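Reviewing the structure listed below.
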Ligand SMILES: Nc1nc2c(ncn2[C@@H]2O[C@H](COP(=O)(O)OP(=O)(O)OP(=O)(O)O)[C@@H](O)[C@H]2O)c(=O)[nH]1
Ligand SMILES: [Mg+2]
């Protein structure tokens, strides 16, 4: 799948992660200029926690750095070792794109708590697929919130993609089934299914999602081909409990982490990598259709902590 122009120009994740990067840099400035001694490492540990990197990942990073500091104890080496350590943890989230399904359309189910960015990410993903030449259809299975159907229809108009919808309050599983039939009949390459958001602890939401899946599976055992959980990076460590709940109660194939442009909590992706190692498929870096980036561990680590001098590294980010 192609990247957007912004990312190609080298201003992708790197440019949009500036709030998190600034916070990390401010916290680390004194330390990274120093010798990497014990007290400095304790201070660094605190700063990593403040950047939402999480307890487990911060502990692992400090252990790695303690080893590195014994061999080479200047600030530049410490900085490089810290970035390598972030990249190593983040690499748990890198996964190849899922293989093409046996039968088109590819069906992607978007799930997540309310306001996480599911619908916006679905629209961005539709745009990315279209850019690769796919004919995309959308299914309005959030029949819970009154305005949700109209919101998806507006995206559909902008994308010039058909939207299959029923009335507010209709059975989401019935909408999904109809949408799949329509997508098959019209020869669509991809069907993106929008769902309702509620608190992840809401048993009714999980039952509704399971019913959507059960009904889809009447048409094909492997449906949906991909279930993507959307997480708002700004929720910080709460994102971990969202993943835990959704993964246990429903099953998740990959993560979309949104709103990275507006938060200093971008370190949460490191915490997610350490705890779950689930593929991070997409990053949301703004509200417009082109503000979606594929995830790369090395690029993300370099965006969090660039080489000294701070400019965008020679990579794509
Ligand atoms: N800055 C920024 N805003 C985003 C991003 N993704 C989504 N948003 C905004 O977040 C808000 C909620 O997004 P939605 O896509 O409606 O979220 P949702 O999960 O579908 O919400 P519900 O349908 O209520 O469950 C909207 O105002 C979006 O424009 C992002 O990557 N960056
Ligand atoms: Mg929505």
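Given the structure, is residue 231 touching a helix residue (DSSP H, G or I) at 6+ places or on another chain (Cβ under 6 Å) and either within 12 Å of ligand 1 (Cβ to nearest atom) or under 26 Å from residue 265 (Cα atoms) (or both)? It would help to see each step written out before you state the result.
On the way: touching a helix residue (DSSP H, G or I) at 6+ places or on another chain (Cβ under 6 Å): yes; either within 12 Å of ligand 1 (Cβ to nearest atom) or under 26 Å from residue 265 (Cα atoms) (or both): yes.
In short, yes.
If we scan segment 171-181, do we find a residue that is in contact (Cβ under 8 Å) with a residue 60 or more places away in the chain and either surrounded by fewer than 20 Cβ atoms within 10 Å (Cβ to Cβ) or not in a helix (DSSP H, G or I) (or both)?
No, segment 171-181 contains no residue that is in contact (Cβ under 8 Å) with a residue 60 or more places away in the chain and either surrounded by fewer than 20 Cβ atoms within 10 Å (Cβ to Cβ) or not in a helix (DSSP H, G or I) (or both).
For (1) away from ligand 2 (no atom under 16 Å from the Cβ); (2) on the phi > 0 side of the Ramachandran plot; (3) at pLDDT below 95, each residue gets a yes or a no:
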{"site": "97", "(1), (2), (3)": "yes, no, yes"}
{"site": "137", "(1), (2), (3)": "yes, no, no"}
{"site": "147", "(1), (2), (3)": "no, no, no"}
{"site": "151", "(1), (2), (3)": "no, no, no"}
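Restricting the search to segment 191-228, which residues are within 16 Å of ligand 2 (Cβ to nearest atom), in a strand (DSSP E or B) and within 14 Å of residue 252 (Cβ to Cβ)?
195, 227, 228
Might you check whether a residue that is surrounded by fewer than 22 Cβ atoms within 10 Å (Cβ to Cβ) and assigned to a helix (DSSP H, G or I) occurs anywhere in segment 261-268?
Yes.
If I ask for residues that are out of contact with any helix residue (DSSP H, G or I) (no Cβ under 6 Å at 6 or more places or on another chain), surrounded by 13 or more Cβ atoms within 10 Å (Cβ to Cβ) and in a loop (DSSP other than H, G, I, E, B), which ones from segment 65-101 would you list?
Of everything in segment 65-101, those that are out of contact with any helix residue (DSSP H, G or I) (no Cβ under 6 Å at 6 or more places or on another chain), surrounded by 13 or more Cβ atoms within 10 Å (Cβ to Cβ) and in a loop (DSSP other than H, G, I, E, B) turn out to be 73, 74, 95, 98, 101.
Residue by residue through segment 251-277, note down the ones that are in contact with a strand residue (DSSP E or B) (Cβ under 7 Å, 6 or more places away or on another chain) and either away from ligand 2 (no atom under 16 Å from the Cβ) or at pLDDT below 95 (or both).
251, 252, 253, 254, 255, 257, 260, 269, 272
The values are calculated or read from the model by the stated rules, or taken from the named source; none is laboratory data. Given the structure is predicted, the values throughout are model-derived calculations rather than measurements. Note that each Cβ is placed from the backbone with ideal geometry, even for glycine, and that neighbours are counted across all protein chains shown.
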